[in-house]
Amino acid sequence: DEAERIYSTLLEEQPDNLAAYSGKANILLARGDADGAAKLIETAVAFVDGQSDPALKASLLALRGGMAAQFIRHDAYRQAIVLLRPAIRDKSATVQMQCDYVLALFLYGDYQTAVKAGEQLWPNYREIPAYGRRALADSYLRLNLPKQAISIYCSILEQGESLPSDRHSLAYAYMLTGSKEKQAMVLYRELINMAAEQAMVITGDADSFF
């Protein structure tokens, strides 16, 4: 379309125009071409990696973070992981990029790597945004490690940043321990009082444990 042609022309004239790479990549994503968008960003990365301009490198980091978030919104989790991994490894990733990396790994189903990354990145996870902690806790839960998950879910609830799903996940984690059924029942009652639709979710848990 016209917008894509404009971005393509800009990139021919200004191969260091990261905004043009981002604009064209977002058009490809909206069209459902996540692989095409990823290849385009790889081109931008290859160009900037050979440059020494600090401002350009900072812009590339912002491009990585912004495009990774877009990939996640479009369910392109693998592409987001690949894009963020270099910044995670060289420790240049922002906290939001770290959260997006763990979230993308969780959504991609790579729970082991999500847990490993979270543990390495966040020795004090209480300072991390709730959505990053949630992805780490959910990964622990998928690996049948309820004790580790419980402490993280509790931190989210204590700081007033919780969703109904956090209470449900915490209750489920309590049940998995086999020794905290009373705490779980308190949370299940809270969930039922919050929203009637939670009753079906709780019924599913009851089928698993009773």
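The values are calculated or read from the model by the stated rules, or taken from the named source; none is laboratory data. Here the structure is a predicted model, which means the values were calculated and not measured. Don't worry about glycine lacking a Cβ; one is built from the backbone with ideal geometry, like all the others, and counts go over all protein chains shown. Side chains included, ligands, DNA and RNA excluded: accessible areas come from the protein's heavy atoms. Shrake-Rupley method; radii C 1.70, N 1.55, O 1.52, S 1.80 Å.
Looking across ALA20, ALA46, ALA37, one residue alone is within 16 Å of ALA69 (Cα to Cα) and aliphatic (A, V, I, L, M). It is ALA37. The numbered conditions (1) in contact (Cβ under 8 Å) with a residue 24 or more places away in the chain; (2) under 21 Å from LEU107 (Cα atoms); (3) open to solvent by less than 30 Å² (accessible area, probe 1.4 Å) are all true for LEU63 except (2). The numbered conditions (1) of a type outside the set (A, V, I, L, M, F, W, C); (2) within 30 Å of SER139 (Cβ to Cβ); (3) open to solvent by 80 Å² or more (accessible area, probe 1.4 Å) are all true for ASP1 except (2).
Counting only helices (runs of 4 or more DSSP H) that sit wholly inside the stretch 138-207, those with at least 1 residues that are at pLDDT below 90 and farther than 17 Å from TYR125 by Cα are 164-177, 181-194. Going through (1) outside any loop (DSSP other than H, G, I, E, B); (2) open to solvent by 60 Å² or more (accessible area, probe 1.4 Å); (3) touching a helix residue (DSSP H, G or I) at 6+ places or on another chain (Cβ under 8 Å) one by one, PHE106 falls short only on (2).
How about the stretch 11-25: which of its residues are without any contact (Cβ under 8 Å) to a residue 12 or more places away in the chain and in a helix (DSSP H, G or I)? Scanning the stretch 11-25 gives GLU12, GLU13, ALA19. A Cβ distance below 6 Å, combined with a sequence gap of six or more or placement on separate chains, defines the contacts here; from the stretch 26-54, residues that are in a helix (DSSP H, G or I) reach residues that are open to solvent by 70 Å² or more (accessible area, probe 1.4 Å) and not aromatic (Phe, Trp, Tyr) in the pairs LEU29/HIS74. Residues in the stretch 132-160 that are touching a residue at least 24 places away in the same chain (Cβ under 8 Å), of a type in the set (D, E, K, R) and closer than 14 Å to CYS99 by Cα: ARG134, ASP138.
Tallying residues that are under 10 Å from HIS74 (Cα atoms) and exposed (fewer than 15 other Cβ atoms within 10 Å of the Cβ) within the stretch 32-41 yields 1.
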